[in-house]
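Take a look at the structure set out below.
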Amino acid sequence: MSNLTLRQISLALLVSACVAAPSIVQAAPSDTPSPPPPPASDTKSQPKDKKKDEKKSSIDSPAFLQGYRAAYATIYERGEYAAAIDQLKALGQDDRADVANLIGYSYRKLGNYQLASVWYERALKADPNHVRTWQYYGLWQVEQGNREQAKHHLAKIEELAGRGSSEYQSLASALTTGRTSY
């Protein structure tokens, strides 16, 4: 069978599983970064910082998106977390919530909880409303035995995305069972 045929069969099986048991299927995070948060203050009165403008414009560049998607695949398809950290840092956008969150996730999967926490905090500093970071950091809290903090993260996800979101359901399940899926 060709590679394409195998992928089509796999997709058909996945769709069938989703239809048969929708309550247990959780969507994987997107491999496309979310837009940056709006500016915190009026930037018209501030002098232009050319380097900052160049860095912002590179977020939407094809090279950035290609690199981000490659790192995403390294994490979620191959489970090569150390390699993904290098790929993500090489993007030069590690102060961006999507990138910092995936670095934190990778460190958590490698068992380096201290560095994972640093990167989750960095992601939330970049975007306090980044739902996936609240989810992953909440899962980190569950793994650390910090149930009250995890509940705080769950409440934040509910506020931002609602109880029906996959992020909310994932963290709520982890709080109930003590097991994390991401």
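Quick notes
- Descending semi-axes in Å of region 63-110, equivalent ellipsoid built from Cα gyration tensor: 15, 12, 8
- Evaluated at q = 0.14 Å⁻¹: base-10 log I(q)/I(0), Debye formula over Cα of region 129-182: -0.25
- Per-residue extension of 0.36 nm, minus the Cα-Cα distance of residue 113 and residue 83, leaves a gain of 9.1 nm for this segment.
No lab work stands behind these numbers, since they all come straight from the coordinates. Here the structure is a predicted model, which is why all the values come from computation and not from measurement.
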